[in-house]
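Student: One structure, pasted below without further comment.
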Amino acid sequence: MRKELLKILKKEAFFKKKVLLASGKVSNYYIDVRRVSLSPAGVYYISHLVFNLIKSKNIQAIGGPTLGADPIVSGVCYLAHKRKRKLKGFLIRKIPKKHGRQKLLEGQELKKGDRVVLVDDVATSGGSLVKSIKALEELKVKIVAAIAVVDRQEGAKEELALLNCPLTSLFTKDDFL
């Protein structure tokens, strides 16, 4: 599955061009994982690979920053259900909604003490995941680990380590360059 996913990512999501990243850095390449994670084959492969990484962990929930985590969370929760495993899904907004319940976290309610895994499509400096960790710490949940489809190896792993959150990735920039 990993080999097939990498082939699709290289074909559909990898672009050699100068772009401004969310971290504020300029890069000579861009990996738009959403082009793949929102496709049938892409979400299938990503969900299976992520599920295999978390299935032996004692966790109650999986989630991450919207928009990168959205298809991954949905796909993994689907697999968990098919395998008769309880797993809550949640998403973290950049800012709370201005209407309705004005929530920062969407999805199933997390309880104090829940063990969770964070997911994201791409990790660069780790900013989105760090913000997610801060939001979850307020709820007194335990962040067990973070998983990115691609780690650009530009500091995310080190930033998360400072928060006692190990980062695992399915691929790194070296798989593309």
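Student: Please compute the length gained on full extension between H81 and S39, using 0.36 nm multiplied by the number of residues separating them and subtracting their Cα-Cα distance. It would help to have the intermediate numbers written out before the result.
Tutor: On the way: separation 42, 0.36 × 42 = 15.12 nm, distance 2.04 nm.
Length difference between fully extended and current span is 13.1 nm.
Student: Okay, next question. Just how large is the dipole of the chain about the Cα centre, in debye to the nearest 20, putting +1 at every Lys and Arg Cβ and -1 at every Asp and Glu Cβ?
Tutor: Using Cβ point charges on Lys, Arg, Asp and Glu, the chain gives about 500 debye.
Student: Another question, then. Counting DSSP beta bridges in the stretch 46-175, what percent are antiparallel, to the nearest 5?
Tutor: Given both bridge residues lie in the stretch 46-175, the antiparallel proportion sits at roughly 10 percent.
Student: Here's another thing I want to ask about it. Tell me, what ³J(HN,Hα) does each residue in the stretch 32-44 have, in order and in whole Hz, if you take phi through Karplus 6.51 cos²θ - 1.76 cosθ + 1.60 with θ = phi - 60° and put x for Gly and Pro?
Tutor: Result, ordered by residue: 8, 4, 4, 4, 9, 5, 9, 9, x, 5, x, 5, 4 Hz.
Student: Then there is this: How many nm is it between the label spots at K142 and R115, if each spot is 7 Å from the Cα in line with the beta carbon?
Tutor: 0.6 nm
Student: May I ask for the equivalent-ellipsoid semi-axes of the stretch 1-84, computed as the square root of five times each C-alpha gyration tensor eigenvalue and listed largest first in whole Å?
Tutor: Working through the eigenvalues yields semi-axes of 26, 15, 10 Å.
Student: Sticking with this structure for a sec: With an 8 Å cut-off on Cα pairs and a minimum separation of 6 or more residues, tell me the relative contact order of the chain in percent.
Tutor: Averaging sequence separation for qualifying contacts and normalising by length gives 17 percent for the chain.
Student: With only alpha-carbon atoms in the gyration tensor, what are the semi-axes of the equivalent ellipsoid for the stretch 97-177, in Å, largest first?
Tutor: Semi-axis lengths for the stretch 97-177 are 25, 14, 11 Å.
Student: As an exercise, take the mean of 1/r over every pair of distinct alpha carbons in the stretch 47-100, invert it, and state the Kirkwood radius in angstroms.
Tutor: Over the stretch 47-100, the inverse of the mean reciprocal pair distance is 11.8 Å.
Student: Using 20 Å as the Cα-Cα cut-off, could you pick out the over-long pairs in K16/K157; K11/K131; K94/K134; K82/K142; K103/K131; K18/K94?
Tutor: Check vs 20 Å cut-off fails for K16/K157; K11/K131; K82/K142; K18/K94.
Student: Moving to a separate point now. Please state the relative contact order of the stretch 1-58 as a whole percent: Cα pairs under 8 Å, 6+ residues apart?
Tutor: Working: 54 pairs, mean separation 18.9, N = 58.
Once normalised by length, the contact order is 33 percent.
Student: What is the set of long-range amide H partners of T172 at a cut-off below 5 Å, with H atoms built 1.01 Å from backbone N?
Tutor: D151
Student: State, to one decimal in nm, how far the label point of E106 lies from the label point of V26, with both points 7 Å from Cα in the Cβ direction.
Tutor: 3.4 nm
Student: Now for a different question. Compute the normalised compactness of the chain: alpha-carbon radius of gyration over 2.2 N^0.38 Å, N being the residue count.
Tutor: 0.99
Student: Could you point to the residue in V73, Q108, L136 farthest towards the positive end of the stretch 46-175's charge dipole, with +1 and -1 charges on the Cβ of Lys/Arg and Asp/Glu respectively?
Tutor: Q108
Read the figures in this text as sums done on the coordinates, not as results from a lab. No experiment lies behind these values; they were computed from the predicted model shown. Using ideal geometry, Cβ is built from the backbone for each residue, glycine included, and neighbour counts are taken over all protein chains shown.
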